[in-house]
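Visitor: Pasting a structure here, questions to come.
The values are calculated or read from the model by the stated rules, or taken from the named source; none is laboratory data. No experiment lies behind these values; they were computed from the predicted model shown. Cβ sites come from the backbone with ideal geometry, for glycine too, and all protein chains shown count toward neighbours. Note: accessible area is taken over every heavy atom of the protein model, side chains too, but ligands, DNA and RNA are not part of it. Shrake-Rupley method; radii C 1.70, N 1.55, O 1.52, S 1.80 Å.
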Amino acid sequence: MLAPERHELILRSLRRHGRLRVAELAAELGVSAITVRRDLAELDQAGLLRRVHGGAVGTNPIGAGQSSQLTIGIVVPSSTFYYTDVIRGAEAMADRYGARLVLGVSGYDVAVEQERLEKVLGIGVAGLLLSTALGDGRAAELGRWLDDIDVPVVLMERSFGFPDVEREYDHVRTDHAYGAMLALRHLVSLGHRRIGINLNATVTAYWLRQGIEQAASSLGVELFVSPVALPARGEDPTTLLQLDAFLAECESFGAHAVLVHSDEHAARLVERAMERGLRIPDDLAVIAYNDETAAMAVVPLTAVCPPKLMLGEFACELLLRKIGAAPGRRAATQHLNLLPELRIRSSCGALVAGQAGLHAG
């Protein structure tokens, strides 16, 4: 079968079904998937259809007589806490250029993520903002599905590269390693030479550990990363036991300062420390990583604040430029690292007369 004949059959099938899948077309036409993808690319270039993940849709899926609005997909692990501002930033940028976001939430579940991607890509989005369920620490488990997405992709808070993926992807991420170093540098500037650290088991911890390792070698301080899983809330005996265990580790290590990820966990730790008679920050200086509710803690928490809103804005604008919807030259592939800031509040304190020995430990 010649290419023009295949093209006619493809367009006829598209008018009948509204959406085409590569695998089904290959079986129907008796050709390879590579041939079908080439046909779809040629028809897309001619403006007769629009390629999407796994197939193609019509050029005006909204319906005849209606104006088509540019649609962008955004798939994230969560729509609450950390990602709320990321989504808001992307939405604001999309709105600025008259585009619309379609949201998918994976819940950090790889299987659910594939379902959400299939749905979002299936409506014919022009591009995709993506923060995968798996973080950089588990990039080897990704497989090849990311490389099969056939619309422009900008990664958010992920920086996958070779050999875990074949292509080089644009990404916008927070430099969390810098954030950890920023917090530890501040504690060192206050005279602390031994610091306890507790990391919540999230994808962010992968980068925080890198910053902690750099700080240990460059700042000349002793750092202890606790294995205790701190709870963010609760009054039950198990919760109190975990909080007390970390406080006991700090005492044994001689640490009068701690870096805790996240701010919810740090706030609960401060409450328990005060219940045990410790003064914040006199006996224990605390810096939280993340700044969602840090200012509302019983002692307002000094916190590292990732630029979440800006991250969403930058990622969306980068994607819009890649698909030609935003003004300016289409840029080369970009890796953007945004620096978090340290917001100083009451919980970390400063050295006063007579305390040098205590904090020098």
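Visitor: Could you tell me whether Arg19 is within 33 Å of the chain's Cα centre (by Cα) and in contact (Cβ under 8 Å) with a residue 24 or more places away in the chain?
Guide: Taking the combined requirement at face value, the residue satisfies it.
Visitor: Give Ala232, Ala183, Ala216 a once-over and let me know the one that is outside any loop (DSSP other than H, G, I, E, B), in contact with a helix residue (DSSP H, G or I) (Cβ under 9 Å, 6 or more places away or on another chain) and open to solvent by 10 Å² or more (accessible area, probe 1.4 Å).
Guide: None of the others qualify; the one that does is Ala216.
Visitor: Looking for something out of contact with any strand residue (DSSP E or B) (no Cβ under 9 Å at 6 or more places or on another chain) and either buried (at least 23 other Cβ atoms within 10 Å of the Cβ) or among the acidic types (Asp, Glu) (or both) - is there at least one such residue anywhere in segment 268-277?
Guide: yes
Visitor: Before we move on, is Thr84 open to solvent by 50 Å² or more (accessible area, probe 1.4 Å), farther than 18 Å from Ile149 by Cβ, modelled with pLDDT under 90 and β-branched (Val, Ile, Thr)?
Guide: Against the criterion (open to solvent by 50 Å² or more (accessible area, probe 1.4 Å), farther than 18 Å from Ile149 by Cβ, modelled with pLDDT under 90 and β-branched (Val, Ile, Thr)), Thr84 does not qualify.
Visitor: So, of the residues in segment 123-155 that are more than 18 Å from the chain's Cα centre (by Cα) and closer than 17 Å to Gln69 by Cβ, which turns out to be most open to solvent (accessible area, probe 1.4 Å)?
Guide: Ile123
Visitor: Give the residue that is surrounded by the most Cβ atoms within 10 Å (Cβ to Cβ), with candidates limited to residues of segment 159-180 that are assigned to a loop (DSSP other than H, G, I, E, B) and of a type in the set (D, E, K, R).
Guide: Looking at residues that are assigned to a loop (DSSP other than H, G, I, E, B) and of a type in the set (D, E, K, R), I get Asp175.
Visitor: Of all residues in segment 281-322, count the ones that are open to solvent by less than 40 Å² (accessible area, probe 1.4 Å) and part of a loop (DSSP other than H, G, I, E, B).
Guide: Residues flagged as open to solvent by less than 40 Å² (accessible area, probe 1.4 Å) and part of a loop (DSSP other than H, G, I, E, B) within segment 281-322 amount to 10.
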